[in-house]
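Written below as structure tokens is the structure these notes are about.
The values are calculated or read from the model by the stated rules, or taken from the named source; none is laboratory data. Quantities reported herein were computed from a predicted structural model and do not represent experimental measurements. Methodologically, a virtual Cβ is constructed for each residue, glycine included, from the backbone with ideal geometry; neighbour enumeration extends over all protein chains shown. Heads up: the accessible areas ignore ligands, DNA and RNA and are worked out on the full protein's heavy atoms, side chains in. Shrake-Rupley method; radii C 1.70, N 1.55, O 1.52, S 1.80 Å.
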Amino acid sequence: MLGIVVREPELRGGEVWIVGGGPGSSCCRSGMAAGAEPAWGRVLWCLGLLRLVAAAVATWDLSSLSCGFRAFCECDFRPDLRGLECDLAQHLAGQHLVRQLVTKGLKAFVENPAPAKPLVMSFHGWTGTGKSYVSSMLVQYLFRDGMASPHVHHFSPVIHFPHADQIERYQSDLKQWILGNLTACGRSLFLFDEVDKMHPGLLGVLRPFLGPSWVVYGTNYRKAIFIFLSNAGGEQINQVALDAWRAHRDREELQLRDLEPAISKAITDNPHHGFWQSGIVEDQLLDLLVPFLPLQRHHVRHCVTNELAQLGLAQQQEEEVAQAVVDGTAFFPEEEQLFSSNGCKTVASRITLFL
């Protein structure tokens, strides 16, 4: 760290000399040698020296000390993987695959001092199954300032890319935004919401940033994280879960291999999906394809309990409200009435109706 060493004055033959000393040293000694200048003179001398030091410090460009070497800069990236794992276990309902895949993938990526490529995750599932909830939780446990971090970037097709006839401008803007922010901080996170509603062709500009190259356009980008959220594949995931239930198979037994082929096909066969002809799936740039299973009644109750825990209700009242919310939730298929039609998406708003 830069610094100015303030050396301690010593009296020699009635004159003040600067010898030894360092940070934390006292500026003036007590006592006076015979014939030395009076005490107030030494005080004035010390004040003058301190004034010079203050002036020098004021000229330092402290901002240059922050993230001066971008390739090694962690910015406000402060991962708490143990806290994330605990929170997922306690509050994420019915998603054993999400907990396994996300925590394992993040741990391997974060603990690697020199990853070969950015971490690219794609979350798939029915509405209300926890995709946005988990992505927000990840940001909270990875960055000191959470979603308020200047290094977390959230994109929505409705807000940022609304017009199909302006796709070329969106492509140029998105490329420059990614490039500029990765140049500012290699530990950036980019979150793309509702990818199934993005204009086909838009996300193709991300392809150079997602592969295993060392640099792109002169920027080191291998420590970045990209997360894509999509409802695509949700119907296929629901069908696999339903078939498992009908076969009396525990949903906890479902593995990624049971779901990944159907999800990949649902993406690549859909010409209206944001990944369509982007090369992202075809070039196998997705590190983690994360399926979110449909939620059953006890999962919805778990969501209600999580919300009510923050309100401090008595246990009896909590149970009554939870049952009322579950009873007012629509389930499908029509015959089995097994899965929540909107997951836990409307739980928070419905709770207020029963308080």
Where Rh is the Kirkwood radius over Cα pairs, Rg/Rh for the range 154-215: 0.96
Report the dimensions of the range 84-135 along its three principal axes from the alpha-carbon atoms, largest first, rounded to Å. 35, 22, 14
Lys and Arg at +1, Asp and Glu at -1: add these up for the other residues within a Cβ distance under 13 Å of P208 and post the number. +3
Formal net charge of residues neighbouring S136 (Cβ-Cβ distance under 12 Å; K, R +1; D, E -1): -1
Dividing the alpha-carbon radius of gyration of the range 248-355 by 2.2 N^0.38 Å (N being the number of residues), what value is obtained? 1.41
Cβ-derived FRET efficiency at R0 30 Å, H272 paired with D145, nearest 0.05: 0.25
Nearby lysines by direct alpha-carbon distance to K175 (threshold 16 angstrom, same-chain neighbours under 8 apart not counted): none
Using alpha carbon positions and the Kirkwood radius, the Rg to Rh ratio of the range 75-171 is 1.01
Ignoring ligands, DNA and RNA, what percent of the 1.4 Å accessible area of the range 170-273 is carbon and sulfur? 52 percent
Keeping all protein chains in place, calculate the accessible area per residue for the range 183-310 (probe 1.4 angstrom), answer in Å². 44 Å²
With a 18 Å threshold on alpha-carbon distance, the violating pairs from K104/K345; K131/K197; K265/K345; K107/K223; K223/K265 are K104/K345; K265/K345; K223/K265
Normalised convex hull volume, the range 107-219, alpha-carbon set, Å³ per residue: 121 Å³
Long-range alpha-carbon pairs in the range 299-355, meaning those over 18 Å apart, account in percent for 28 percent
Among F209, I237, V325, the residue whose Cα sits farthest towards the positive end of the charge dipole of the range 207-355, when +1 is placed on the Cβ of each Lys and Arg and -1 on the Cβ of each Asp and Glu, is F209
Per-residue HN-Hα couplings for the range 79-84, Karplus 6.51 cos²θ - 1.76 cosθ + 1.60 at θ = phi - 60°, whole Hz, x for Gly and Pro? x, 10, 5, 5, x, 4
If you plug each phi of the range 101-111 into the Karplus form 6.51 cos²θ - 1.76 cosθ + 1.60 with θ = phi - 60°, what whole-Hz ³J(HN,Hα) values come out, in order, with x for Gly and Pro? 5, 5, 5, 5, x, 5, 4, 5, 6, 5, 7
Expressed as a percent, the accessible surface of the range 285-340 that is carbon or sulfur, using a 1.4 Å probe and the full set of protein chains, is 44 percent
Separation of the range 78-152 and the range 169-217 by C-alpha centroid, Å? 19 Å
